[in-house]
1. For region A:79-133, report the convex hull volume of the alpha-carbon atoms normalised per residue, in Å³, without decimals.
2. Calculate the mean, over all residues of peptide A:107-115, of how many other protein chain Cβ atoms lie within 10 angstrom of the residue's Cβ.
3. When only alpha-carbon atoms count, how far does the protein assembly as shown stretch along each of its three principal axes, as whole angstroms with the largest first?
4. Along the positive direction of the dipole of region A:97-162 (beta-carbon charges: Lys, Arg +1; Asp, Glu -1; about the Cα centre), which of A:A99, A:F126, A:L158 reaches farthest?
5. Using a label position 7 Å from Cα in the Cα→Cβ direction, what is the ascending list of nm distances from A:P122 to the same site in the other copies?
6. Per-residue counts of other Cβ atoms within 10 Å, averaged by peptide: what ranking do you get for B:9-17, A:166-174, highest first?
7. Let me know the mean shielding of B:29-41 by other chains, meaning the per-residue number of their Cβ atoms within 10 Å of its Cβ.
8. Using the Karplus curve 6.51 cos²θ - 1.76 cosθ + 1.60 with θ = phi - 60°, work out ³J(HN,Hα) for each residue of region A:165-179 in order, rounded to whole Hz, and write x for Gly and Pro.
2 protein chains.
Amino acid sequence: MATDRAVAVRTALRTLVARNGFHGASMSAVAREAGVATGTAYTYYASKDDVVLAAYTETKAELGEAAVAKLDEALPPEQRFRALWLACYRHLKANPTHAQFLLQVEHSPYRGPAHEAALSNPDDPFLAQVTQPDIAARLRPFPVDVLYELALSPAIRLAANGIELTQSQLDEIADACWRAVS
Amino acid sequence: MATDRAVAVRTALRTLVARNGFHGASMSAVAREAGVATGTAYTYYASKDDVVLAAYTETKAELGEAAVAKLDEALPPEQRFRALWLACYRHLKANPTHAQFLLQVEHSPYRGPAHEAALSNPDDPFLAQVTQPDIAARLRPFPVDVLYELALSPAIRLAANGIELTQSQLDEIADACWRAVS
DNA sequence: CTCCTCCGAATGAACGTTCATTCAAGGTAG
DNA sequence: CTACCTTGAATGAACGTTCATTCGGAGGAG
C-alpha cells in the first residue's frame, strides 16, 4: 500500500525525535529508520516541517482516540475526568515515544504551527469534553491553555519520564489534577 | 571585566534558544547577539554544549535564589510552599525567556546532562526545602521527579506561556499544586 | 616622558562535516 | 511501450569549531 511508506516516515521521525531530539532526526536518518530512500519522504511531504506537523497531529489524534475509546459518557464529571486522565496516561505509558515526541514538539518553535495544525481538527475529543455542559459547569474559569497545563499535561510528562507509579498513586494524582481545575 | 563576555554569551544563547529553539541558536548567531566574535565564545567554553549547560545551571541557580530570597522560614509548610511557588512564578513571569529556555532544555536531549550538572550544585534551595523535616513529613511518598512535575513545573510552564492570571487564580493554582503533593 | 617590546584576549575567515532538498536514472506494473 | 514510483548520489547552504592574525595596553629601557 502506498500510504504505508508515509506512515513509516512519520513513525520513524517520531521515534528518532523522541530518542535523540530534532538534532538527531535528520531526514536521511529518518528515511533509513523508515526503510525507504531519502527522496521517498519527499514524495509524501513537501518538507521536513511537514513531516513533523503530520506526525504531531497523528500522535495527538491517536491520543485523543485512546482517551475516549472506552469512556462511559454517562459517568458524572469527576469520574469521567479521572477515566479520561488515566486512559491518557496509560496510552502514553505504553507508547513513551509518543509522550516524549509530544513534549519535544510543544516546547520547540514548532509549538505555534503545531497548535494551529491541531486546531484544524475540529473533532478533538478533549475540547469536546471541555465543552460538555456538565463538565464546563464544574471547571474554574481559566483559559483553555491553563486547564490543559494543570489537568492533562501532568499525565503526558509523567508518562514520558518513565517513572513507575502504583494504581493508587495514579488515582491520587488524577484526583489532584481534577481538584486543580474544578 | 573579562567575565562580562562569558555572561553575554550565556545570556545571548538563552535568549535565542527561548525565541527560536536550538535550531535558531547557532554559535555565530549567539556570538552576534552577544556582541562578540564567533571565536570569543570558545575562549570561555569548550563547546556549544558547554554554553548550554552553563546557561542552564545559571538560570536554575537564579530561579532558586529568587524563590528563597524573601522566604520566611518560620512559616508553616503549607504557606511556605505557597510563597515558594509564587516567588518562582513571579520570577519567571518577569523573565519569560528564562522559563522558555528551561523548558526547551528539559525536553531536549540535554535533559540528562542538564540534570547531572544541576545536581552538582549541592545547595539547590528546592532540594533543601524538600528535605526539611516539617515539609518532608507532609509530602506524599513520590519520587522527587514526580513531586517536581506536580508542584513546581506548572509554575514554570504557566509563566512560559505568558497567560495573564489574577492573584486569586494564582493562589488557587498554588494551593492545587500543594494538594497534589501533600 | 617617550619609545619599544611583548602578551594574550579577541577576531572572523576558513575548514570539514552534515544538513535538507533535488533529480536523473532505474525499476515495476499494467 | 507507457506511466508512475522509488532510489541514492549530488548539491549548496549552514553548522560547530579552529587558528593565523590583529591590537590595545602593561612594563622596562633610555
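Where a number appears in this text, it was derived from the coordinates with a stated rule and is not lab data. Note that this is a predicted model, so its numbers are computed, not measured. Because the Cβ atoms are built from the backbone with ideal geometry, glycine has one as well, and the counts that use them run over all protein chains shown.
1. On the way: hull volume 4.9 nm³, N = 55.
With only Cα atoms used, region A:79-133 gives 89 Å³ per residue.
2. Values: counts 11, 8, 8, 2, 4, 0, 0, 0, 0.
The mean count of partner-chain Cβ atoms within 10 Å per residue comes to 4.
3. So the three principal-axis extents are 64, 54, 34 Å.
4. Highest projection toward the positive end goes to A:L158.
5. So the label point of A:P122 gives 6.2 nm to the other copies.
6. In descending order of packing, they fall as B:9-17, A:166-174.
7. Values: counts 0, 0, 0, 0, 0, 0, 0, 0, 0, 0, 0, 0, 0.
What the average comes to for B:29-41 is 0.
8. The phi angles translate into 10, 6, 4, 5, 4, 4, 4, 4, 5, 4, 5, 4, 5, 5, 4 Hz.
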